[in-house]
1. I'm told B:Leu557 meets every condition in (1) in a loop (DSSP other than H, G, I, E, B); (2) surrounded by fewer than 17 Cβ atoms within 10 Å (Cβ to Cβ); (3) of a type outside the set (Lys, Arg) except one. Can you identify the failing condition by its number?
2. Taking the criterion of being within 14 Å of chain A (Cβ to nearest Cβ), out of contact with any strand residue (DSSP E or B) (no Cβ under 8 Å at 6 or more places or on another chain) and surrounded by fewer than 20 Cβ atoms within 10 Å (Cβ to Cβ), would at least one residue in the range B:211-225 satisfy it?
3. Among B:Ile371, B:Ile362, B:Ile335, which is the only one that is touching a residue at least 40 places away in the same chain (Cβ under 8 Å), more than 30 Å from B:Pro636 (Cα to Cα) and either touching a Lys or Arg at 6+ places or on another chain (Cβ under 6 Å) or of a type in the set (Phe, Trp, Tyr) (or both)?
4. Is it the case, given these coordinates, that B:Ala208 is in contact with a helix residue (DSSP H, G or I) (Cβ under 6 Å, 6 or more places away or on another chain), away from every other protein chain (no Cβ under 14 Å) and within 30 Å of B:Ala71 (Cα to Cα)?
5. Can you find even one residue in the range B:73-88 that is at pLDDT 90 or above and surrounded by fewer than 23 Cβ atoms within 10 Å (Cβ to Cβ)?
6. Determine, yes or no, whether B:Ala594 is more than 14 Å from chain A (Cβ to nearest Cβ), modelled with pLDDT under 80, surrounded by 15 or more Cβ atoms within 10 Å (Cβ to Cβ) and assigned to a helix (DSSP H, G or I).
7. Here are some residues: B:Lys565, B:Lys569, B:Lys628. Which one is basic (Lys, Arg), at pLDDT below 75 and assigned to a loop (DSSP other than H, G, I, E, B)?
8. Within the range B:284-340, work out how many residues are under 14 Å from B:Ile74 (Cβ atoms) and in a helix (DSSP H, G or I).
Amino acid sequence: MGKLCAVTSCLLLTVSAAAAQTAQPQIERLLPQWLTGIIAVSAFLFLVFVTLLVKKAWCEKPSRKTAVESESDRENEFVVTNGNTYETNLDTIRRKSTVESTGENEFGNTYETTLEMVRSKEDPNAFDNLAFGSADDKVTSM
Amino acid sequence: MHTHTLSMENLSSDKGTINNPADIAIIVGYFIMVISVGIWSMFRTNRGTVGGYFLAGRTMTWWPVGASLFASNIGSGHFVGLAGTGAASGIAVGGFEWNALFIVLLLGWLFVPVYLTAGVITMPQYLKKRFGGTRISLYLSVISLFLYIFTKISVDMFSGAVFIQQALGWNIYVAVITLLLITALYTVTGGLAALMYTDTFQTFVIIAGAFVLTGFSFVQVGGYSALLAKYSSATPSNFSSMDPQRYNISPHCYTPRQDAFNLLRDPTTGDLPWPGVIFGIAIVGGWYWCTDQVIVQRCLAARSLTHVKAGCIMCGYLKLLPMFLMVFPGMISRILYPDEVGCVVPELCKMVCGTEVGCSNIAYPKLVVSIMPNGLRGLMLAVMLAALMSSLASIFNSSSTLFTMDIWTRIRPQATERELIIVGRVWVLCIVAISICWIPVVQAAQSGQLFDYIQSVSSYLAPPIASVFLLAVFVKRVNEMGAFWGLIGGLLMGLCRMLPEFWFGTGSCIFPSNCPYLVCGVHYLHFGIILFFCTSVLVLVVSYCTKPIEDQHLHRLVFSLRHSKEERKDLDWEQEERGRRAQREAEERIREMAQEEAKSGICHLVRRFCGGGGSEAPEQDAPEAPEKLPDISEDPVWKYTVDANALIMMTVAVFMWGYYA
């Protein structure tokens, strides 16, 4: 038994020594070389794409924020000026609203307050009372 | 020594000497072309001013910039060193070249805009403006000159000498001195403009000749697949020790490496581990391409920032070639001549090439001597001369710029422009003399792997400089104390590794050096990475503990403020003011004297040849002080073109890295 072990171990040793002596081929590659090249290129282009997106998001956010801020500043100014003065003169209302409407058309959140809107159709000298215009009457059942 | 001369004579009687009319005609033709290009460019730019002599008047277009970057970089050291290391250990050494593709883009996009708006001529000048004080710029000038002499000049001359000895059998001193004198001639007279135009011509010669040799070597070995197949069995026939009591030769010393065709190798057992190849070479490359005077000076001579970027892209594409033109032929040389190039027994190696350590350095010259036909051998000699002369000329010019603008102006602040130009020229001659005296030292130290030697010395000394420059450009908080102590700390760390390694010697495979593991165990590329990070940490810590530099001193000196148009209060304005005043007084005195003296014929001729026009030049460039800021604005169309081109080049580079990884 001992001799058998010795012989097999000697055999194994010589085989491994012989294997070590022969010129080994190069390291086995898992993927063909052109494929690793393509994978590297795709990873690189993906990183470039992500960087461009990040750069766009980064550069646009502050510029968009500043644009919004400047518009809201202007809106606040008008709101402030509108809130602090009480229009009792119909002419001023008309004039201001036309100025507002020509200047701020793109917003669409200014309200036309000319008298033409509330002038009634039946009678040229009568004006509708907007408060009665709404149709949602609350009717309680008896 | 005796066997060495014997082998040299044998070689020269075989086929080495260039003594047939075809070869001689090509060499003579090459020299005539180079000198005529040099003379032509002398008349194109005004070399009488500092800007004209040292920066070619800032008129260069992209193609001389790109070609000059490539030719200044590729020296004879690359031919001999890349081919030799390729023969010995495979393609990983090409990683040094392919890493530069990305670093050269960093140069053009990040660093040069800052250098241009800063309005500096030399790199120590930039540090002086950025940090103030004089010790940092003095340190950088001295260490740059030191690195030039010990890594670039000596290696290029040694490689040229190896080539000349192997291919021609000439007396090395005669050959090198003649070469240096011809180089010095067109460097001294022409200035940077002559250099850049001759570099363009020499780039063509280098690439054409190297392509021819590569073609012949592939034909000889049987094609690319034959190279892949045969390299692993390129073992020498004599590998048993001649003196078994002294040493034994283990198989791994003469068998080609298993990972010879991999760029990225095992981090612990590889000879060029992949973290080192990717990051360590990037750091050393950052020093070489982005902070070193030789390379940056060429970019500063360009006409506009777009031309700089286009030149960098061109240089990047050209840097793809050395792997195929130098590394592969080196490996082919080992396949074709395993007993000479791959010799391992020390006594045999000494007979073949004069060094016991190994003969891989003769890989490229052996190919030139053995497989090139008549006429083409002369072309290859012209190629080697082109590489050698272009690199040496660039180094001479840049070192004279450094010496003149940084060291001489400190010694004599009242020096006029004419005096500075003369001093620049005299310094070139001095450095030629120093290089000639250095030849015997390099010969005696003949190390087996030349390229490794340059790279390891660079890895020990360059990372602190790269780190300080990177932080100076991008981090405003860094100040003079931080930068100075970072540089000194980095230098000490680098010396702690470099001096013991030189003391114990690098050793060879058969006689390993007994350098202790603590000092030499870490691979030099990994050590470079560690050194870079340690220096950066030191710089940042010291900077944050001391007071910052205010923004008013930093306009157009850092990347974030490169477009600012505000007035900058220079930190070194006192020095500059004193210098300018002294200069003006000296010029007044000279003008008074010049009006009196009579111009004799010979004096006038000499002055014209040397590009002086001493009395006219100061008037033209008198408002040097409030000069217009160099413009770094770019035309948007060209900006997008250049950016797209850079992206394409990076994609190609990534593909090549992936293919050979």
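1. Every condition holds for B:Leu557 apart from (2).
2. Scanning the range B:211-225, I find at least one residue that is within 14 Å of chain A (Cβ to nearest Cβ), out of contact with any strand residue (DSSP E or B) (no Cβ under 8 Å at 6 or more places or on another chain) and surrounded by fewer than 20 Cβ atoms within 10 Å (Cβ to Cβ), so the answer is yes.
3. Values: B:Ile371 fails: either touching a Lys or Arg at 6+ places or on another chain (Cβ under 6 Å) or of a type in the set (Phe, Trp, Tyr) (or both); B:Ile362 fails: either touching a Lys or Arg at 6+ places or on another chain (Cβ under 6 Å) or of a type in the set (Phe, Trp, Tyr) (or both).
Matching residue, one of B:Ile371, B:Ile362, B:Ile335: B:Ile335.
4. Details: in contact with a helix residue (DSSP H, G or I) (Cβ under 6 Å, 6 or more places away or on another chain): no; away from every other protein chain (no Cβ under 14 Å): yes; within 30 Å of B:Ala71 (Cα to Cα): yes.
No; evaluated as a whole, the condition is false for this residue.
5. no
6. Here the answer is no, as B:Ala594 does not meet what is asked.
7. B:Lys628
8. 17
The values are calculated or read from the model by the stated rules, or taken from the named source; none is laboratory data. Here the structure is a predicted model, which means the values were calculated and not measured. A quick note on method: Cβ atoms are made from the backbone with ideal geometry, for glycine too, and the neighbour counts reach across all protein chains shown.
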